[in-house]
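The values are calculated or read from the model by the stated rules, or taken from the named source; none is laboratory data. Keep in mind that what you see is a predicted model, and the values were worked out from it rather than measured. Reconstructed Cβ throughout: ideal geometry from the backbone, glycine too, with neighbour counts over all protein chains shown.
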Amino acid sequence: MPTVTLTIDGQQVTVPKGTTVLEAAWKAGSFVPTFCHDPELTKPGACRICVVEIKGARNLPASCVTAAAEGMIVETASPAVIDARKTILELMLDNHPEDCLTCHQAGDCKLQDYAYFYNVKPGAFGGECKNYEIEDDNLFIVRNMNKCILCGKCLRACEEKQGRAVIDFAYRGFRTKVATALDKPLADSVCVSCGTCVSVCPTGALTEKAMLGSARKWEVQKVRTTCPFCGVGCNFDLNVKGGKVIGVTSNAAAPANGRDLCVKGRFGTDYVHSPKRLTKPLIKKNGEFVESTWDEALDLVASKFGEIKTKFGSDSIAALSSARCTNEDNYVMQKFMRAVIGTNNVDHCART
Amino acid sequence: MTNSFEDYLNTDLFFVIGSNPTEAHPMAGAKIMSSVMSGKSKLIVADPRRIELAEKADIWLQLRPGTDIPLLNGLMHIIIKEGLHDQKFIEERTEGFEALKATVEKYTPARVSEMTGVPENLLYDAARLYATTAKAMLCYTLGITEHICGVDNVMSTANIAMLTGHLGKEGCGVNPQRGQNNVQGACDMGALPNVYSGYQAVVNPDIQAKFEKAWGVKLDNKLGLTIPDMMDAAVEGKLKAMFVLGEDPVLTDPDANHIKKALTKMDFVVAQEIFMSETAKYADVILPGASFAEKDGTFSSSERRVQRVRKAIEPIGDSRPDWWIICELAKRMGYDKMNYESPRQIWDEMASLSPIFAGINYDRIEHTGLQWPCPTVEHPGTPVLHTQSFSRGKGLFKAIEHTPPAEMPDEEYPYLLSTGRILYHYNITTRYSSALDAHRPEEAAMIHPADAATLGVCTGEKVRVTSRRGSVVTKVNVTDKVMSGMIWMSFHYKETPTNELTVNAFDPVSKTGEYKVAAVQLEKVV
């Protein structure tokens, strides 16, 4: 593979031809901020926060859409670069709600992180501020377009990852907004609520409705697991706080699905905490289920199975195992039927 | 699946038959949708309904339900007639081609068009596109298997893939997207009446001896009963007790009234469940299991990938992990070789007895999982099956004739009922998710505007749907996504138990029920 060698912040780095300056800089260990860049999506080079100084270039190019070239000399943190980034952040902050105290995304927000890193505060420009109504008309996603910085990752993910293109930029100039066709609410659009847009949003513009107000980002313990619904085998992170699953977030390392999920995987695991869960062994007495201890229930099942086996033979007992349970559950179930009951009468719904 | 989900990004053509992935397997559907939208891949869809993918397809073959074999035979007829088959692949990798050729010879485009309802020109277009695209992937699901000729349908998909050399290669293959999260794994683990874990036959004396030694007991070498046979045996009084783990046959098996009769007839029924399912109501004892969020273990996906399930919270209330409950029962019945301390220990025992999983352990699947077969700890797993040879050596073409569905509409029951899943629900569990259930709280049976006009119903109004086996009331959604003469329903709602209507007829080999075709009558409910 052909390579190019360039100098970034005084350090030589060799990368495959076609690598962007941004990727080369990251490889060299330099910090370069991004908003609109995403490794899995097309590159619009829109937000300009990733600008760098390249010797001989007439302006500060966006590093995410500039190919690394042989002999390039790049500065990622020169005074001109820092100045440009601060100006971009000042422009964003003056058109952004100052509600980090109560924003769900606080602690996991690129705008907040970069403002902190570059010590940028609101008020440099003043002027008009977006004032859209918060859209929480659907059951799954809350859209606060006042917090949108127009990076466009949501609409690219919708088109390029989900193949849907439900949303796009609408209007022009200051009024530019990410909207559905005819700027209708999500609930009235062809959106299927997969939430991929939420997973790529760098600010608090898009949030999972069920998780709002449930935990600060830094309180959440993330446990990677495999989705309990269809057979695609998506992985995601269960978000846990105080011994309770409060929701699901994507995990980019998931082999089958990356950050993409469907409405069920992302928003449907709350069944775990349904008040209708069975929480005690139940024994039917006179046609009614009565709560029992584990010892009582297990002893009853063991003795009844034993009696029936003795009286009618092993093949008078059968088990339906479960395509929803784990491999280990299924292995012990078939072992139980074969080794303990003594029959091959074990099946599950693979065929029905 | 012979290939992997990652491979969906490598193909140039999807041939999707009897599968509605944007609803039933959304992340597979998304890969197809985005690949087609970007212009990377073309798309052929064969489905009686105008599913979402049909709307995006280059070619949509709207076949009549239950005519998959004539359709595939007809496509193969054209491929052979036009010399578009892969002669080299056929000679090197397969046998039985002449018999196949003789059979599909009879499936002329004119005859197939009449049988399936698909216009002849579309048959030619689809046959040519599939045969001439080097990287063409066939995807199917339950629209192929849930017929009394399900096995023949599956073999027909294999026939056309072998005929065109679309197997054992990247971006190709025959790819059934499996239904449940761990239906692959439940099969893999031997929760089947004919095999131990790793598909090792119970009738094989060497295998039997191996398991007898490992488990320290004498084992039975005769085949067990499949679910439909169990239900029949229960109704006949031969089966006395049943242990039902995490399954709700009353709502999800065909001909629900037959299932209820079976459960009522038995002396003792145990349900191990997380909710009071319709089946659990028939139990004598209910043992509360822990959900996927409350236990460690593994699931195996459609692409044969074994992945970790991790405990995130403690079991709710006094519920317990399913494996623990079963092992506890074993102990109380006097068996001492199921004293596991963790799911990892269970996996390790299983892997030590099952060659195709021997190389998989929890440490190796910590990050990305592994795809079986994986015989040694050095083996990287198998993303694409059959690259060098098939399981039996050469791929065998099966010459297959059409089998019509068990029950077709007639004068008394004039409408065809077909069933499946919708995007917002997954079998029965999602009814307990507050947002999902609020979003889709009830059945909305799809009927064609012409039929709606005949019945005098509008969207949101109700009809009574009656078959020879049962009768249910449902709201309707009037849409031309279904063909006239057909009603389509999901099976998620206990308030509208669709499977009281479905037919008690099964594929003779797989024992899969014919959920996709039943005859019903409709009347407006005022």
*If you go through the range A:302-324 one residue at a time, do you hit one that is within 25 Å of B:Gly185 (Cβ to Cβ) and without any contact (Cβ under 8 Å) to a residue 24 or more places away in the chain?*
no
*Among the residues of the range A:262-314, which ones are over 30 Å from B:His25 (Cα atoms) and in contact with an Asp or Glu (Cβ under 8 Å, 6 or more places away or on another chain)?*
A:Thr279, A:Lys280, A:Pro281, A:Leu282, A:Ile283, A:Lys284, A:Trp294, A:Leu298, A:Lys304, A:Ile308, A:Ser314
*Looking only at the range A:48-63, decide whether some residue is under 19 Å from A:Val200 (Cβ atoms), in contact with a Ser or Thr (Cβ under 7 Å, 6 or more places away or on another chain) and among the aliphatic types (A, V, I, L, M).*
yes
*Could you identify the single residue in A:Ser321, A:Ser316, A:Ser303 that is over 16 Å from B:Leu329 (Cα atoms) and of a type in the set (Gly, Ala, Ser)?*
A:Ser316
_Any hit, the range A:146-156, residues being assigned to a loop (DSSP other than H, G, I, E, B) and either within 12 Å of chain B (Cβ to nearest Cβ) or among the hydroxyl-bearing types (Ser, Thr, Tyr) (or both)_ = no
_Cβ-Cβ under 7 Å, sequence separation 6+ or interchain: first residue in the range B:316-336 and on the phi > 0 side of the Ramachandran plot and not assigned by TED's automatic domain parsing to the domain that holds B:Leu287, partner at pLDDT below 95 and in a loop (DSSP other than H, G, I, E, B). Which pairs?_
none
*Provide a single number: the residues in the range A:207-243 that are among the β-branched types (Val, Ile, Thr), touching a Lys or Arg at 6+ places or on another chain (Cβ under 8 Å) and over 27 Å from B:Gly179 (Cα atoms).*
2
_Residue count, the range B:189-207 (criterion: facing another protein chain (nearest Cβ under 10 Å), more than 12 Å from A:Met337 (Cβ to Cβ) and out of contact with any helix residue (DSSP H, G or I) (no Cβ under 7 Å at 6 or more places or on another chain))_ = 3
_Quick check on B:Lys31: is it without any contact (Cβ under 8 Å) to a residue 40 or more places away in the chain, over 24 Å from B:Met155 (Cβ atoms), of a type outside the set (Phe, Trp, Tyr) and surrounded by 22 or more Cβ atoms within 10 Å (Cβ to Cβ)?_
yes
*Residue list for the range A:136-154, filter: of a type outside the set (A, V, I, L, M) and either at pLDDT 95 or above or in contact with a Ser or Thr (Cβ under 7 Å, 6 or more places away or on another chain) (or both)*: A:Asn138, A:Phe140, A:Arg143, A:Asn144, A:Asn146, A:Lys147, A:Cys148, A:Cys151, A:Gly152, A:Lys153, A:Cys154
_On the basis of being more than 28 Å from B:Lys213 (Cβ to Cβ), in contact with a Lys or Arg (Cβ under 8 Å, 6 or more places away or on another chain) and within 7 Å of chain B (Cβ to nearest Cβ), does A:Asp260 make the cut?_
yes
*Within the range B:337-358, can one find any residue that is polar (S, T, N, Q), surrounded by fewer than 19 Cβ atoms within 10 Å (Cβ to Cβ) and touching a strand residue (DSSP E or B) at 6+ places or on another chain (Cβ under 9 Å)?*
no
*Could you list, in sequence order, the residues of the range B:177-236 that are among the acidic types (Asp, Glu) and assigned to a helix (DSSP H, G or I)?*
B:Asp188, B:Asp206, B:Glu212, B:Asp229, B:Asp232
*asked:* Tell me whether the range B:116-133 contains one or more residues that are part of a loop (DSSP other than H, G, I, E, B), among the hydrophobic types (A, V, I, L, M, F, W, C), out of contact with any Pro (no Cβ under 8 Å at 6 or more places or on another chain) and in contact (Cβ under 8 Å) with a residue 24 or more places away in the chain.
replied: yes
*Out of the residues in the range B:432-456 that are in contact with a Phe, Trp or Tyr (Cβ under 7 Å, 6 or more places away or on another chain) and within 18 Å of A:Ile246 (Cα to Cα), state the one that is surrounded by the most Cβ atoms within 10 Å (Cβ to Cβ).*
B:Leu436
*Have a look at A:Val272, A:Val178, A:Val290, A:Val198 and point out the one that is closer than 30 Å to A:Cys151 by Cα, at pLDDT 95 or above and within 14 Å of another protein chain (Cβ to nearest Cβ).*
A:Val198
*Residues of the range A:1-56 satisfying the condition of being in contact (Cβ under 8 Å) with a residue 60 or more places away in the chain and among the charged types (D, E, K, R)*: A:Asp9, A:Asp38, A:Glu40
*Could you grab me the full set of residues in the range A:276-287 that are more than 9 Å from chain B (Cβ to nearest Cβ) and not charged (D, E, K, R)?*
A:Asn286, A:Gly287
*Considering each residue of the range A:318-352, count those that are part of a helix (DSSP H, G or I) and facing chain B (nearest Cβ under 7 Å), and give that number.*
13
*With the condition kept exactly as written, say whether any residue in the range B:258-266 is surrounded by 24 or more Cβ atoms within 10 Å (Cβ to Cβ), facing chain A (nearest Cβ under 7 Å) and at pLDDT 95 or above.*
no
*Could you say which residue among A:Asp299, A:Asp315, A:Asp295 is more than 7 Å from every other protein chain (Cβ to nearest Cβ), part of a helix (DSSP H, G or I) and surrounded by fewer than 16 Cβ atoms within 10 Å (Cβ to Cβ)?*
A:Asp295
